[in-house]
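The values are calculated or read from the model by the stated rules, or taken from the named source; none is laboratory data. All figures in this text were calculated on a predicted structure; none of them were measured in a lab. Here the Cβ is made from the backbone with ideal geometry for all residues, glycine too, and neighbour counts use every protein chain on show. Remember, those area values only see protein heavy atoms, side chains included, never the ligands or the DNA or RNA. Shrake-Rupley method; radii C 1.70, N 1.55, O 1.52, S 1.80 Å.
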Amino acid sequence: MSQRRAASLLAAILIGTSAPALLPAASASAASCSSYPNWVAGKSYATGNIVRYTDGKAYIAEHDNPGYDPVISTWYWDPYACDGGSTNPSDGFVVSEAHFNQMFPNRNSFYTYNGLKAALSSYPGFANSGSDTVRKQEAAAFLANVNHETGGLVYVVEQNTANYPTYCDWSQSYGCPAGQAAYYGRGPIQLSWNFNYKAAGDALGIDLLGNPWLVQNDSAVAWKTGLWYWNTQSGPGSMTPHNAMVNSAGFGQTIRSINGSLECDGRNPAQVQSRVDAYQRFTSILGVTPGANLYC
């Protein structure tokens with residue numbers, strides 16, 4: 001996936017691998033909202049920090065901020081579901097393994113449910129912000145786009161090897177240390193280009209610029225790169241896919257942020273319809289309505 005997504009990606013075909021997946025991360029002990037520190041006005045907070053507000057509810061920082069009010073500054077903060085729950089968001093993930101298996105009956109063994117759960121701690125606000133309906137809609141939206149990008153979680157890496165050397169931008173000061181042809185599409189949202197491997201790796205604390213093959217060899221890392229794009233990148237859109245779902249902009253805006261420059265505004269309605277069909281199917285599996293604004 002790229003903020004400067006090349007047209008060749010639309011037609012790219014992928015091939016699967018069967019690399020072993022990581023075991024899920026160890027669960028944290030259960031905690032309620034009262035276990036989080038009280039929000040303090042004027043105190044600096046980093047993305048991912050969780051606080052308890054004066055209303056007794058928890059909020060998670062979606063962006064770094066100098067102590068803005070979580071109820072007023074909703075671009076910086078999202079509600080965080082924690083009552084009687086766990087400090088590990090994967091423990092209360094709205095998609096069960098049974099749901100996951102129903103969504104992806106023919107998936108590649110690389111894309112494990114445990115790998116997805118192990119990745120959730122990197123972005124604790126994902127599918128864990130707002131109401132139960134919003135949380136389920138976001139999970140369904142992410143997985144529907146993933147379904148489209150990977151042919152139902154069947155494909156792991158881009159098959160068209162002729163494209164591989166085209167994803168190195170030598171204008172970047174760090175270049176392409178893993179090689180000219182090392183930054184092809186990989187993972188659930190097809191991470192590609194050296195600058196995206198660098199940005200994702202820096203955000204996740206993993207050297208993906210030096211070792212991009214981790215994305216096709218480690219299930220949890222692959223899922224983390226998908227969540228990185230979903231939660232932090234707007235691509236050709238105007239908002240991150242996460243914010244599109246949490247702020248009720250609709251599923252169509254997640255398509256725009258992922259591949260809108262090639263699909264939206266009538267450019268490829270069949271591709272858009274494929275994503276919408278999967279989203280409607282997945283929301284049905286999770287027992288929620290798909291909401292409005294499904295198309296882009």
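Charge tally around Pro37: other residues with Cβ under 12 Å, Lys/Arg +1 each, Asp/Glu -1 each, net +2. Under 5 Å between amide hydrogens, built in the peptide plane, is the criterion, and for Leu191 it picks out Arg186 among residues at least 5 positions away or on other chains.
Phi angles across region 192-198 convert, under the Karplus curve 6.51 cos²θ - 1.76 cosθ + 1.60 with θ = phi - 60°, into 3J(HN,Hα) values of 8, 6, 4, 5, 6, 4, 5 Hz, Gly and Pro given as x. Here the dipole of region 84-236 is about 100 debye; that uses its Cα centre as origin and unit charges on the Cβ of Lys and Arg (positive) and Asp and Glu (negative).
Taking amide hydrogens as placed 1.01 Å from N in the peptide plane, the amide H of Asp169 sits under 5 Å from those of Asn194, Phe195, each at least 5 positions away in sequence or on another chain. Calculated FRET efficiency, Trp213 to Gln273, Cβ-Cβ distance, R0 = 35 Å: about 0.55 to the nearest 0.05. Pair-distance distribution of region 162-296: all C-alpha pairs, bin width 5 Å, starting at 0; shares per bin in whole percent are 2, 10, 17, 19, 19, 15, 10, 6, 2, 0.
Straight-line reach from Lys57: which lysines have Cα under 25 Å away, leaving out those fewer than 8 places along the same chain? The qualifying lysines are Lys43, Lys117, Lys136.
Can you give the accessible area per residue of region 109-182, in Å², using a 1.4 Å probe?
Values: 2400 Å² over 74 residues.
Heavy-atom SASA per residue in region 109-182 reads 32 Å².
Just check region 191-269 against the gyration tensor rule for me: Cα atoms, a ≥ b ≥ c as the square roots of the eigenvalues, rounded for a/c under 1.5, and otherwise prolate or oblate depending on whether a/b exceeds b/c. Prolate is the answer for region 191-269, as a/c is 1.5 or above and a/b outweighs b/c. Close amide H partners of Leu153, meaning residues 5 or more places away or on another chain with modelled amide H under 5 Å apart, do not exist here.
What the phi angles of region 125-138 give under the Karplus curve with 6.51, -1.76 and 1.60, with θ = phi - 60°, is a coupling list of x, 5, 6, 9, 10, x, 6, 4, 5, 5, 4, 5, 4, 5 Hz, glycine and proline written as x. Each residue of region 61-69 was assigned a 3J(HN,Hα) from its phi angle through the Karplus expression (A = 6.51, B = -1.76, C = 1.60, θ = phi - 60°), giving 6, 8, 8, 4, 7, x, x, 5, 5 Hz with x at Gly and Pro.
Given Cβ point charges of +1 (Lys, Arg) and -1 (Asp, Glu) and nothing else, what value in debye, to the nearest 20, does the dipole of region 113-202 about its Cα centre take? Write down the numbers at each step before the final one.
On the way: 5 positive and 6 negative charges, 36 e Å.
So the magnitude is around 180 debye.
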